[in-house]
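Visitor: I am attaching a structure below and will ask some questions about it afterwards.
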Amino acid sequence: MGLIYEQLVRPLAFRRDPETVHETVVGALATLGHLSPLCRLLEWWNALPASVRKPVECAGLQFPNRIGLAAGFDKNAECWPAAAALGFGHVEIGTVTRLAQPGNPKPRLFRFPAEEAVLNRMGFNNAGAEAMARRLAGQPKRGHRRLPLGINLGKSKAAPLDEAVADYLASFHLLAEHADYIAINVSSPNTPDLRKLQEHDRLVELLGALQRANAEREAAVMGGRRPIFLKIAPDLTWPQIDDILQILHDLRLDGIIATNTTLERPGALAGVTEAGGLSGRPLCRRSTQIINYIARATGGRLPIIGVGGVTDAATAGEKLDAGATLVQVYSGWIYRGPFFAAELARALSYR
């Protein structure tokens, strides 16, 4: 199936504008998600053999396999119910912001096929947290889903840094009820000043407020607390990562997602002048290094979701060997085809 996609489907798709193709695929998967019998048939077809099928535990949640769809694909909770049919073990939707926003001017999404890379400066284009909450209210609920659902929260572009905490909290209060876990995105390079939220004082203030809100949910019996993961940039220095890990330890955060897209332009991409975050194969080595560093620094006690440059079973396995519990894909999915997650999950199940 992967060979057919790479030789026949991908060349045709890559002749079209990347964002147009993205919107077409989201629409097709949204339709598939409404066809429950077909979804269940595909899920059966892509299921792991019974002899190697066992849930993966991470942050108190049970995942049917180790492969997830990273944030950025399903920004508005439109098509995630179809993910299990394609072999995914979890989905992270968003990034969603409190306020609806159009994102950055087009064009803002670029492919580099020779390097199996994608560059984007989307700018958190989404319909807003209220719209997402309304859509999720009509979709499968927690405890009745085929796989865990993460919701990735970002800062509204219109919210100044000094109002970032209130902005994230508003989204958290709207969406925590619907999430199996929450991811906090302070690392996208495409929203002005967003990465400043990775600085010590701002990060302590933000994560502390979210943890208090989480504890209040638990105390009020509002469906319980949600595991919270922090998504970090690959462009941090080792001392910056050390500082973040100490904050996560002190505030008892549930895990970390390593990593977001990079501002670096390695290798053959050195001459690329387009602004934005780079993902795909050129990011693989750096993200794996950071995963390994985090695992060693925390003694393997902090759950890690590894993302960045997974293009095959070998690169997925490297992230698990480095210390990740789960792996997410996005750019690799674009280059490898719709059933890439199922192929990876099957290969990794025999490890």
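Where a number appears in this text, it was derived from the coordinates with a stated rule and is not lab data. Just so it is clear, the structure is predicted and the values come from calculations on it, not from any experiment. Every residue, glycine among them, receives a Cβ derived from its backbone with ideal geometry; neighbour counts consider all protein chains shown.
Visitor: For the stretch 90-164 and the stretch 311-331, write down the distance between their C-alpha centroids in whole Å.
Guide: Rounded to whole Å, the Cα centres lie 22 Å apart.
Visitor: Then there is this: Ranked by Cβ crowding within 10 angstrom, fewest neighbours first, how are Arg346, Arg301 ordered?
Guide: In increasing order of surrounding Cβ atoms, one gets Arg301, Arg346.
Visitor: Give the long-range amide H neighbours of Asn76: residues separated by 5 or more places, or on another chain, with amide H under 5 Å away, using H modelled in the peptide plane at 1.01 Å from N.
Guide: Gly94
Visitor: With charges only on Cβ, +1 for K and R and -1 for D and E, what is the dipole size of the stretch 32-164 about its Cα centre, in debye, rounded to 20?
Guide: The calculated dipole for the stretch 32-164 is roughly 220 debye.
Visitor: If you don't mind, there's one more thing I want to ask. About its Cα centre, how strong a charge dipole does the chain have in debye, to the nearest 20, once Lys and Arg get +1 and Asp and Glu get -1 at the Cβ?
Guide: Dipole size: approximately 740 debye.
Visitor: Okay, next question. Rounded to the nearest whole Å³, what is the per residue volume of the convex hull around the Cα atoms of the stretch 6-131?
Guide: Enclosed volume per residue, from the Cα hull, is 153 Å³.
Visitor: Now for a separate question. Residue by residue through the stretch 70-86, what is 3J(HN,Hα) from phi via Karplus (6.51 cos²θ - 1.76 cosθ + 1.60, θ = phi - 60°)? Round to whole Hz and write x for glycine and proline.
Guide: So the J values, rounded to whole Hz, are 6, 4, x, 7, 9, 6, 10, 6, 8, 10, 4, x, 8, 5, 4, 5, 8.
Visitor: Continuing with this model, one more query. So what is the diffusion coefficient of the chain in µm² per second by Stokes-Einstein at 4 °C and 1.567 mPa s, using a Kirkwood Rh over Cα pairs?
Guide: Translational D for this selection: 64 µm²/s.
Visitor: I need the phi-derived Karplus couplings for the stretch 225-240: 6.51 cos²θ - 1.76 cosθ + 1.60, θ = phi - 60°, integer Hz, Gly and Pro marked x.
Guide: Those phi angles translate into 6, 10, x, 10, 10, 9, 9, 10, 7, x, 9, 6, 7, 4, x, 5 Hz.
Visitor: Using the 10 angstrom Cβ neighbour count as an exposure proxy, how do Ser187, Ser51, Ser171 rank, fewest first?
Guide: Sorted ascending by nearby Cβ count, the order is Ser51, Ser187, Ser171.
Visitor: Taking the dipole about the Cα centre of the chain, with the C-beta of Lys and Arg at +1 and of Asp and Glu at -1, give me whichever of Ala71, Thr311, Ala164 is farthest to the positive side.
Guide: My answer, from the dipole projection, is Thr311.
Visitor: I've got another one for you. For the stretch 150-162, what does the Karplus curve 6.51 cos²θ - 1.76 cosθ + 1.60, with θ = phi - 60°, yield as ³J(HN,Hα) per residue in whole Hz, taken in order and with x for Gly and Pro?
Guide: Each residue's phi maps through the Karplus curve to give x, 10, 9, 9, x, 8, 4, 4, 6, 8, x, 4, 5 Hz.
Visitor: For the stretch 118-176, run through the chymotrypsin sites (Phe, Trp or Tyr not before Pro) and keep only the ones in DSSP coil with at most 12 other Cβ atoms within 10 Å of their Cβ.
Guide: For chymotrypsin sites (Phe, Trp or Tyr not before Pro) across the stretch 118-176 that sit outside H, G, I, E and B with at most 12 neighbouring Cβ atoms in 10 Å, the list is empty.
Visitor: Now for a different question. Going by amide H atoms built from the backbone, whose H comes under 5 Å of the H on Ala183, apart from near neighbours?
Guide: For Ala183, whose amide H was placed from the backbone, the distant partners under 5 Å are Ile151, Asn152, Leu153, Phe229.
Visitor: Continuing with this model, one more query. How high is the FRET efficiency between Glu57 and Glu115 when r is their beta carbon distance and R₀ equals 30 Å, given to the nearest 0.05?
Guide: 0.30
Visitor: For the chain, what does -39500 (n - 2.57) per DSSP helix run (n ≥ 4), summed and divided by total residues, give at 222 nm, in deg cm²/dmol to the nearest 500?
Guide: -11000 deg cm²/dmol
Visitor: For Ala47 and Thr24, what is the calculated FRET efficiency with R₀ set at 25 Å and r taken between the beta-carbons, to the nearest 0.05?
Guide: The computed FRET efficiency comes out at 0.40.
Visitor: Would any residue of the stretch 175-196 have its amide N under 17 Å from a label point 7 Å out along Cα→Cβ of Arg135? List them or say none.
Guide: 175-180, 183
Visitor: Something else: Under a Cβ-only charge scheme (Lys and Arg +1, Asp and Glu -1), can you give me the dipole magnitude of the stretch 154-287 about the Cα centre, in debye to the nearest 20?
Guide: Roughly 440 debye for the stretch 154-287.
Visitor: While we're here: Return the long-range amide H neighbours of Gly123 (sequence gap of 5 or more, or a different chain), with a cut-off of under 5 Å between placed amide H atoms.
Guide: Asn104
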